[in-house]
1. Kindly provide the set of residues from the range 21-58 that are farther than 30 Å from Asp77 by Cα and not in a loop (DSSP other than H, G, I, E, B), ordered by number.
2. Could you check the range 22-36 and list, in sequence order, the residues that are of a type outside the set (Ser, Thr, Tyr) and at pLDDT 85 or above?
3. In the list Gly29, Gly35, which residue meets the criterion of being out of contact with any strand residue (DSSP E or B) (no Cβ under 7 Å at 6 or more places or on another chain) and either touching a residue at least 24 places away in the same chain (Cβ under 8 Å) or on the phi > 0 side of the Ramachandran plot (or both)?
4. Report, ordered by the first and then the second residue, all pairs with beta carbons closer than 7 Å, sequence separation of six or more or different chains, a first member in the range 65-90 that is closer than 20 Å to Thr48 by Cβ and in contact (Cβ under 8 Å) with a residue 24 or more places away in the chain, and a second member that is of a type in the set (Ser, Thr, Tyr) and surrounded by 10 or more Cβ atoms within 10 Å (Cβ to Cβ).
Amino acid sequence: MRANKNVTKPGLNPDDDAPELTDEWFARGKLYVDGKPIRRGRPKGSGTKELVSLRLDKEALAAFRASGRGWQVRINDAVTRAAKRLQRQA
């Protein structure tokens with residue numbers, strides 16, 4: 001009769017059948033839905049906006065910032081309305 005081989009991998013505790021699941025272990029994991037991996041982090045943008053560098057008057061910028069969260073969206077809305085007025089005039 002043959003002797004049993006050591007089937008335990010080096011570094012594993014044979015008395016512990018389920019190692020502790022840490023935050024680090026979960027952070028490295030991948031989430032799948034219907035067999036497709038789900039991307040983590042910030043979602044991709046709509047692709048309809050372009051990053052630009054723009055100089056604005058300090059007073060105008062301060063007024064938008066003072067209006068609270070979403071001030072960049074409100075600036076975009078104001079610029080969009082102004083652009084539509086310009087198109088109507090042309």
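The values are calculated or read from the model by the stated rules, or taken from the named source; none is laboratory data. Just so we're clear, the structure is a prediction, and the values are computed from it rather than from any experiment. As a convention, Cβ positions derive from the backbone with ideal geometry for all residues, glycine included, and neighbour counts pool all protein chains shown.
1. Just the residues of the range 21-58 that are farther than 30 Å from Asp77 by Cα, to begin with: 21-38.
Once the filter is applied, which keeps residues that are farther than 30 Å from Asp77 by Cα and not in a loop (DSSP other than H, G, I, E, B), the range 21-58 yields Asp23, Glu24, Trp25, Phe26, Ala27, Arg28, Tyr32, Val33, Lys36, Pro37.
2. Step one: filter the range 22-36 for residues of a type outside the set (Ser, Thr, Tyr), giving 23-31, 33-36.
Correct list: Asp23, Glu24, Val33, Asp34, Gly35, Lys36.
3. Being out of contact with any strand residue (DSSP E or B) (no Cβ under 7 Å at 6 or more places or on another chain) and either touching a residue at least 24 places away in the same chain (Cβ under 8 Å) or on the phi > 0 side of the Ramachandran plot (or both) holds for just one of Gly29, Gly35, which is Gly35.
4. Filtered contacts from the range 65-90: no entries.
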